[in-house]
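Shown next, in structure tokens, is the structure this report addresses.
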Amino acid sequence: MDAITALERLREGNRRFVAGTPTASSIPIHARRSEIVDGQEPFAIILGCADSRVPAEMVFDQGLGDLFVIRVAGNIVAPSQVGSVEFAADRFKTKLVVVLGHSQCGAITATLEALQNPTKTTSPSLQSIVDRIRPAIETLTDTHLKHDHHELVHQSVRANVRASASHLRHGSAILENLIQHEGLLVVGAEYSLETGKVDFFDGVPA
Ligand SMILES: [Zn+2]
């Protein structure tokens, strides 16, 4: 399945989710499980946040074997995330990668708090997540946005998604090659906790 068809399938699934008319759970699970026991052919790779309110399969109304999902707090891109995307894109010929951030992301607000209060200590492991997010958002805290916390968080979520998508596009020779020669597409999106809607705002061809 090409990237644009895959993107449309995700959009349709999200429309069903928003409308409260999901269909994925109506597919007989036993039959589907035996169908995919010998191999998978996910049509999209999703790098999303670990937040319990944003399960990719549910918000896109997809079933077993449809999505290759990587979830980590703040949808950051560290080497193991790059490797996971490389593995799926190369092995399963999946053509679409979606970096999926979301409104009110705790990893983003934790990073903003760390920027505002640098002396506060945290665990090295948690700090490693903050350190990945910080470069994408620290310049925003010096703009007029610092007077509008809600908008600052909103713009920071988007800046972090853009940074992760850009990192996937340019931080891996394997992915770069797939983008140039095999039609791989990396897009960025934001899920709204308030409406359930996914807005694909970065890297979508016109
Ligand atoms: Zn989050």
Note on Arg91: of the conditions (1) away from the ligand (no atom under 16 Å from the Cβ); (2) free of Cβ contacts under 8 Å to residues at least 12 places away in the same chain; (3) closer than 30 Å to Ser128 by Cβ; (4) open to solvent by less than 60 Å² (accessible area, probe 1.4 Å), unmet is (4)
Only one of Val82, Val37, Val54, Val69 is β-branched (Val, Ile, Thr), touching a Gly at 6+ places or on another chain (Cβ under 7 Å) and part of a loop (DSSP other than H, G, I, E, B), namely Val54
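Do you know which of the residues in the range 40-75 that are hydrophobic (A, V, I, L, M, F, W, C) and out of contact with any Leu (no Cβ under 9 Å at 6 or more places or on another chain) is nearest to the ligand (Cβ to nearest atom)? Don't jump to the end; show me each part of the working.
Narrowing the range 40-75 to residues hydrophobic (A, V, I, L, M, F, W, C): 43-47, 49-50, 54, 56, 58-60, 64, 67-70, 72-73.
Filter again for out of contact with any Leu (no Cβ under 9 Å at 6 or more places or on another chain), leaving 50, 58, 64, 68.
Working: Ala50: 7, Met58: 15, Leu64: 24, Phe68: 19 Å.
Filtering the range 40-75 for residues that are hydrophobic (A, V, I, L, M, F, W, C) and out of contact with any Leu (no Cβ under 9 Å at 6 or more places or on another chain), the one nearest to the ligand (Cβ to nearest atom) comes out as Ala50.
Hey, does the range 132-140 have a residue that's open to solvent by less than 20 Å² (accessible area, probe 1.4 Å) and within 24 Å of Phe60 (Cα to Cα)?
Here is the first cut: in the range 132-140, the ones open to solvent by less than 20 Å² (accessible area, probe 1.4 Å) are 133, 137.
Applying the additional criterion that residues be within 24 Å of Phe60 (Cα to Cα) yields none.
Checked the range 132-140: no residue is open to solvent by less than 20 Å² (accessible area, probe 1.4 Å) and within 24 Å of Phe60 (Cα to Cα).
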Any residue in the range 136-148 that's without any contact (Cβ under 8 Å) to a residue 24 or more places away in the chain and within 19 Å of Ala110 (Cβ to Cβ): show its pairings with residues that are open to solvent by 50 Å² or more (accessible area, probe 1.4 Å) and not basic (Lys, Arg) at Cβ separation under 8 Å, as long as the two are six or more apart or on different chains. Leu140/Gln155; Leu145/Glu151; Leu145/Gln155
Filter the range 95-130 down to residues that are within 10 Å of the ligand (Cβ to nearest atom) and among the β-branched types (Val, Ile, Thr) and give me whichever is surrounded by the most Cβ atoms within 10 Å (Cβ to Cβ). Ile108
Tabulated pairs, the range 193-205, first outside any loop (DSSP other than H, G, I, E, B), second open to solvent by 20 Å² or more (accessible area, probe 1.4 Å), C-beta under 6 angstrom, 6+ apart or interchain: Asp202/Arg162
Filter result for Glu35 (in contact with a helix residue (DSSP H, G or I) (Cβ under 8 Å, 6 or more places away or on another chain), open to solvent by 40 Å² or more (accessible area, probe 1.4 Å), touching a residue at least 24 places away in the same chain (Cβ under 8 Å) and not β-branched (Val, Ile, Thr)): no
For the range 1-32, give me each residue that is in a loop (DSSP other than H, G, I, E, B) and either among the small types (Gly, Ala, Ser) or in contact with a helix residue (DSSP H, G or I) (Cβ under 7 Å, 6 or more places away or on another chain) (or both). Gly20, Pro22, Thr23
Taking the range 1-26 as the region of interest, how many residues are loosely packed, with under 11 Cβ neighbours inside 10 Å and of a type in the set (A, V, I, L, M)? 1
Any residue that is assigned to a helix (DSSP H, G or I), modelled with pLDDT of 95 or more, buried (at least 21 other Cβ atoms within 10 Å of the Cβ) and touching a Leu at 6+ places or on another chain (Cβ under 8 Å) - is there at least one of those in the range 146-157? yes
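The values are calculated or read from the model by the stated rules, or taken from the named source; none is laboratory data. Not measured: the values here are computed from a predicted model. Virtual Cβ from ideal backbone geometry, glycine too; neighbours counted across all protein chains shown. Note: areas computed on protein heavy atoms with side chains; ligands, DNA, RNA excluded. Shrake-Rupley method; radii C 1.70, N 1.55, O 1.52, S 1.80 Å.
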